[in-house]
Amino acid sequence: MGGALSVTLVALAYPSMLGISTVSSAPDRIIANTQWGPLTESDRDFVVKVRAAGLWEYPVGQMGVQKGTSKGVITASQHLIDGHSALDTTCRKIAPMLNITLPNIASPQQVGFVNQLASDGKGQQFDKDFANILRMTHGSIFNTVAKIRSTTKNSLVRALADQANDTVLDHITVMEQTGLVDFDQTLFQQTTPPKLPKSDLTPPPPAAGQPPIVLTPPPTATSTPVDIDRLAGGPAPAPAPTVG
């Protein structure tokens, strides 16, 4: 049996800290016991992180298809759209099963990345900023994905981590293949992130009753969401509004 009824706790608090950095008072604290295994604070935060990543990287991918001036940037942009639409499908399926509230807007920090790229004209500056911002952010989250995969006891979160691992590695690779990554600068920013207030790293919760928007897969999609119905034996959630 799927759905939020399988969670022993009535509701899970919206994460207080999300974004590139992981901050929690007790990340290993179990906040719900589910039929798919215990759910910890870090498990819940990870699901929201994956969702929030798609909410800014998907539109940046659309932007890159339009503004990119090199084949490598356009290819990387297509991978962003493809990979995050598939991850989004998995997130939206497992979130109601685990009673997790998903955001509909990325964090202010992530929105800042979108705005920075939007302000770049079509040309070499956009291509360079695109490759370096996306390489930095994917490098920052890669270790988090690995830690969740190696420590979670929840099978739904584990399946999402498997998918996220493949997607993040693919996106790191295509960013590097653009030939535009400044590794010295990018790795410094990745390992020495700015100290930002919680409000900058936290995607705002959705309005009450607002359904999660959908990141529509491209017609040529090659990434495949996790078959949660087969894994968990639960029904798929109702369709949600789409963003194409």
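One residue stands out among those in region 184-199 that are touching a residue at least 24 places away in the same chain (Cβ under 8 Å) and in a helix (DSSP H, G or I): the one that is surrounded by the most Cβ atoms within 10 Å (Cβ to Cβ), which is THR186. Within region 49-69, is there a residue that is outside any helix (DSSP H, G or I), of a type in the set (Gly, Ala, Ser), closer than 30 Å to LYS122 by Cβ and at pLDDT 90 or above? Looking through region 49-69, at least one residue is outside any helix (DSSP H, G or I), of a type in the set (Gly, Ala, Ser), closer than 30 Å to LYS122 by Cβ and at pLDDT 90 or above. When residues in region 44-60 are screened for being within 16 Å of PRO212 (Cα to Cα), β-branched (Val, Ile, Thr) and open to solvent by less than 10 Å² (accessible area, probe 1.4 Å), 2 of them pass. For beta carbons closer than 9 Å, sequence separation of 6+ or different chains, a first residue in region 218-241 that is among the acidic types (Asp, Glu) and a second that is modelled with pLDDT of 65 or more, the qualifying pairs are ASP227/ALA159; ASP229/LYS93.
Exactly one residue among VAL226, VAL145, VAL181, VAL168 is in a loop (DSSP other than H, G, I, E, B), aliphatic (A, V, I, L, M) and closer than 24 Å to GLU41 by Cα, and that residue is VAL226. Working only within region 24-43, note down all residues that are in a helix (DSSP H, G or I) and open to solvent by 20 Å² or more (accessible area, probe 1.4 Å). Once the filter is applied, which keeps residues that are in a helix (DSSP H, G or I) and open to solvent by 20 Å² or more (accessible area, probe 1.4 Å), region 24-43 yields only SER42. Taking the listed residues ASP166, ASP162, the one that is touching a residue at least 60 places away in the same chain (Cβ under 8 Å), within 18 Å of ILE228 (Cα to Cα), open to solvent by 10 Å² or more (accessible area, probe 1.4 Å) and acidic (Asp, Glu) is ASP162, with no other qualifying. Exactly one residue among THR89, THR75 is at pLDDT 95 or above, part of a helix (DSSP H, G or I), open to solvent by 10 Å² or more (accessible area, probe 1.4 Å) and within 15 Å of VAL157 (Cα to Cα), and that residue is THR89. Select from region 208-217 the residues that are in contact (Cβ under 8 Å) with a residue 12 or more places away in the chain and closer than 17 Å to LEU102 by Cα and write down the one among them that is farthest from the chain's Cα centre (by Cα). Only one residue tops the list, namely GLN210.
The values are calculated or read from the model by the stated rules, or taken from the named source; none is laboratory data. None of the values given here were measured: they were computed from a predicted structure. Positions of Cβ are backbone-derived with ideal geometry, glycine not excepted, and every protein chain shown enters the neighbour counts. Protein only, heavy atoms only, side chains kept; ligands, DNA and RNA dropped before computing areas. Shrake-Rupley method; radii C 1.70, N 1.55, O 1.52, S 1.80 Å.
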